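The values are calculated or read from the model by the stated rules, or taken from the named source; none is laboratory data. Everything quoted here is computed from the prediction, not taken from an experiment. In this analysis, Cβ positions are derived from the backbone assuming ideal geometry, glycine residues included, and neighbour counts consider all displayed protein chains. Please note that ligands, DNA and RNA were not included when accessible areas were found on the heavy atoms of the full protein model with its side chains. Shrake-Rupley method; radii C 1.70, N 1.55, O 1.52, S 1.80 Å.
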Amino acid sequence: MVRIILTIVVIVLSSYSLITQTFELFPYYMFFLGAFMLVTGLAELLKDRKGFWGYMNIAISLFIFFSLLP
């Protein structure tokens, strides 16, 4: 349920930015994208599929969060 909500938020924010050609909402878009990647990675690890993509999603989300810091 959380992944669906985060997916909808990311799609709406990115669509708005593409249509209006304004990038004022870019930090919010990146924050929600990082949260989506983190939730996806944690869901993969909780399914006992300790494969490459679960860890990769968490690593990508941490990179996004650290790149958002001022």
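Just to be sure, is residue 63 in a helix (DSSP H, G or I) and open to solvent by 80 Å² or more (accessible area, probe 1.4 Å)? Spelling it out, residue 63 is indeed in a helix (DSSP H, G or I) and open to solvent by 80 Å² or more (accessible area, probe 1.4 Å). Among the residues of the stretch 21-55, the ones that are open to solvent by 60 Å² or more (accessible area, probe 1.4 Å), in a helix (DSSP H, G or I) and either of a type in the set (A, V, I, L, M, F, W, C) or out of contact with any Leu (no Cβ under 7 Å at 6 or more places or on another chain) (or both) come to 8 in all.
Of all residues in the stretch 16-45, those being more than 22 Å from residue 67 (Cβ to Cβ) and out of contact with any helix residue (DSSP H, G or I) (no Cβ under 9 Å at 6 or more places or on another chain) number 3. Residues that are closer than 17 Å to residue 2 by Cβ, among the aliphatic types (A, V, I, L, M) and free of Cβ contacts under 8 Å to residues at least 60 places away in the same chain do not occur anywhere in the stretch 19-32.
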